[in-house]
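The values are calculated or read from the model by the stated rules, or taken from the named source; none is laboratory data. Note that the structure is predicted; figures quoted are calculated from it, not measured. Cβ placement follows ideal geometry from the backbone for every residue including glycine, while neighbour counts extend to all protein chains displayed. To get the accessible areas, we keep the full protein, side chains included, count just its heavy atoms, and leave off ligands, DNA and RNA. Shrake-Rupley method; radii C 1.70, N 1.55, O 1.52, S 1.80 Å.
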Amino acid sequence: MPAFCFFKKGQHIVALERSDAETSALLTRDGWEKLFEEVRAADAESALARLSDIRKEEMTTECAFVTGSAFSSLLTAILK
């Protein structure tokens, strides 16, 4: 499976095979920002789906961490 990297411009994200240096340079020159995430997938559509899953996991983890620490602080305050 090829490795894909992602480029973002505004609300649009495209997946590009990491080996496609020419298109990568073109996108960068046109103002697209290269994202740090890279995934292996069968095709660009699958790569975008995987990126979406990764972002959802990050949000879930972040929310769980914030909620957990808030709950712990509240519980500590109540038990004192």
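Can you find even one residue in the range 66-80 that is of a type in the set (S, T, Y), modelled with pLDDT of 90 or more and exposed (fewer than 15 other Cβ atoms within 10 Å of the Cβ)?
Of the residues in the range 66-80, the ones of a type in the set (S, T, Y) are 67, 69, 72-73, 76.
Checking the rest, the ones that are also modelled with pLDDT of 90 or more come to none.
Scanning the range 66-80, I find no residue that is of a type in the set (S, T, Y), modelled with pLDDT of 90 or more and exposed (fewer than 15 other Cβ atoms within 10 Å of the Cβ), so the answer is no.
Looking only at residues that are in a helix (DSSP H, G or I), open to solvent by 90 Å² or more (accessible area, probe 1.4 Å) and over 13 Å from V14 (Cβ atoms) in the range 40-57, which one is modelled with the highest pLDDT? First the steps, then the outcome.
Residues of the range 40-57 in a helix (DSSP H, G or I): 44-57.
Checking which are open to solvent by 90 Å² or more (accessible area, probe 1.4 Å) leaves us with 45, 50, 56-57.
Applying the additional criterion that residues be over 13 Å from V14 (Cβ atoms) yields 50, 56-57.
Numbers: R50: 93, K56: 84, E57: 78.
Going through the qualifying residues, I end up with R50.
Just the residues that are more than 18 Å from the chain's Cα centre (by Cα) and surrounded by 14 or more Cβ atoms within 10 Å (Cβ to Cβ), please, taken from the range 5-22. Even if it seems obvious, please write down each step before you answer.
First, the residues of the range 5-22 that are more than 18 Å from the chain's Cα centre (by Cα): 19-22.
Scanning the range 5-22 gives a single hit, D20.
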